[in-house]
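Q: The structure is given below, and queries will be raised subsequently.
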Amino acid sequence: MTWEKAWQEGRTGWDAGGSPPILEELVRGGDLPTGRALVPGCGAGWDVFTLASEDREVVGLDVAPTAARRFADLRAERGIGADRAHILIEDFFAHTPAAPYDLVWDYTFLCAIDPSERPRWADKVDALVAPDGELVTLIFPAVEGDSPFGEGPPFPLLPQHLRDLLEPRWRPVRLEPVTHSHPGREGLEHIGRWRRR
Ligand code: SAH
């Protein structure tokens with residue numbers, strides 16, 4: 001399966017039609033870094049729009065041009081300026097911005113790529129986040145043993161996997177189960193907020 005083909009055929013079962021409740025909560029809480037943020041594998045862009053604000057410019061990345069068209073339509077519907085939220089049709093692993101990001105938000109991206117690529121994801125994230133920036137991961141689907149999602153993607157992703165990938169470079173300032181999730185994802189999500197040691 002290529003991602004673009006899945007988008008073209010409307011096989012986008014991952015698309016919940018909005019951001020996860022915990023992201024809305026974090027944004028309302030007001031203590032996420034402002035400045036420049038990155039959302040890898042952003043799909044239709046729900047989380048890009050949720051994070052975009054007067055003091056936060058958000059870049060979404062996706063390899064699928066069809067996702068980027070959906071993104072553009074949704075952005076227009078919501079009246080969000082292209083200066084605050086934009087999408088690049090680009091491979092995350094090839095993304096080399098002029099300056100690092102203050103915030104990287106990962107949800108349904110790390111679990112979507114092949115698990116053999118996870119160490120490369122960790123190296124790339126390390127290169128993309130500014131020294132005093134923050135990495136925030138919504139860890140999903142946290143299942144041990146047989147996954148309700150079959151062979152994947154999504155591939156099971158546990159808090160311990162993130163620790164193994166990120167420590168000792170990063171330390172969790174918050175790592176715990178979330179209490180509100182989209183239907184069908186309850187009990188399968190943990191929030192991780194990571195800062196450099
Ligand atoms: N975060 C979105 C989409 C999750 S599905 C949501 O929750 O709705 C994973 C997305 O990652 C797909 O849209 C796919 O096209 C994109 N993707 C897969 N590999 C990628 C890569 N190497 N670089 C950028 N995007 C990628």
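The values are calculated or read from the model by the stated rules, or taken from the named source; none is laboratory data. Bear in mind the structure is a predicted one, so any value in this text is a computation, not a measurement. We place every Cβ from the backbone using ideal geometry, glycine too, and count neighbours over all the protein chains shown. Just the protein is used for accessible areas: all its heavy atoms, side chains included, with ligands, DNA and RNA removed. Shrake-Rupley method; radii C 1.70, N 1.55, O 1.52, S 1.80 Å.
Q: Taking Val48 as the residue in question, decide whether it is outside any loop (DSSP other than H, G, I, E, B) and near the ligand (Cβ under 10 Å from one of its atoms).
A: For Val48, the condition - outside any loop (DSSP other than H, G, I, E, B) and near the ligand (Cβ under 10 Å from one of its atoms) - is met.
Quick grid of which residues meet (1) assigned to a loop (DSSP other than H, G, I, E, B); (2) open to solvent by less than 40 Å² (accessible area, probe 1.4 Å):
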position	(1), (2)
Glu57	no, no
Gly60	no, yes
Ala68	no, yes
Arg75	no, no
Trp121	no, yes
Ala127	no, no
Glu134	no, yes
Ala142	yes, yes
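Q: Hey, another quick one. Given the criteria more than 9 Å from the ligand (Cβ to nearest atom), among the small types (Gly, Ala, Ser) and either over 22 Å from Asp132 (Cα atoms) or in contact with a helix residue (DSSP H, G or I) (Cβ under 9 Å, 6 or more places away or on another chain) (or both), does Ala82 qualify?
A: When the stated conditions are applied, Ala82 passes them.
Q: Taking only pairs six or more apart or across chains, which ones have beta-carbon atoms under 8 Å, a first residue in segment 1-19 that is more than 12 Å from Ala64 (Cα to Cα), and a second residue that is within 7 Å of the ligand (Cβ to nearest atom) and hydroxyl-bearing (Ser, Thr, Tyr)?
A: From residues that are more than 12 Å from Ala64 (Cα to Cα), the pairs are Trp14/Thr108.
Q: Now for a different question. Got a sec? Which of Gly30, Gly41, Gly35, Gly45 is closer than 30 Å to Arg174 by Cα, out of contact with any Asp or Glu (no Cβ under 9 Å at 6 or more places or on another chain) and of a type in the set (Gly, Ala, Ser)? Before you say what the answer is, go through the steps one by one.
A: Numbers: Gly41 fails: out of contact with any Asp or Glu (no Cβ under 9 Å at 6 or more places or on another chain); Gly35 fails: out of contact with any Asp or Glu (no Cβ under 9 Å at 6 or more places or on another chain); Gly45 fails: out of contact with any Asp or Glu (no Cβ under 9 Å at 6 or more places or on another chain).
It is Gly30.
Q: Among what's in segment 97-119 and is away from the ligand (no atom under 14 Å from the Cβ) and either among the charged types (D, E, K, R) or closer than 30 Å to Glu151 by Cα (or both), pick the residue that is surrounded by the fewest Cβ atoms within 10 Å (Cβ to Cβ).
A: Pro119
Q: Same structure again: Anything in segment 156-197 that is assigned to a strand (DSSP E or B) and of a type in the set (Lys, Arg)? List them, or say none.
A: Residues satisfying the conditions are Arg171, Arg174, Arg193, Arg195, Arg196.
Q: What residue, of Ala6, Ala37, is within 16 Å of the ligand (Cβ to nearest atom), open to solvent by less than 80 Å² (accessible area, probe 1.4 Å) and outside any helix (DSSP H, G or I)?
A: Ala37
Q: Can you tell me how many residues within segment 154-197 are within 21 Å of Leu103 (Cα to Cα), in contact with a helix residue (DSSP H, G or I) (Cβ under 7 Å, 6 or more places away or on another chain) and of a type in the set (A, V, I, L, M, F, W, C)?
A: 6
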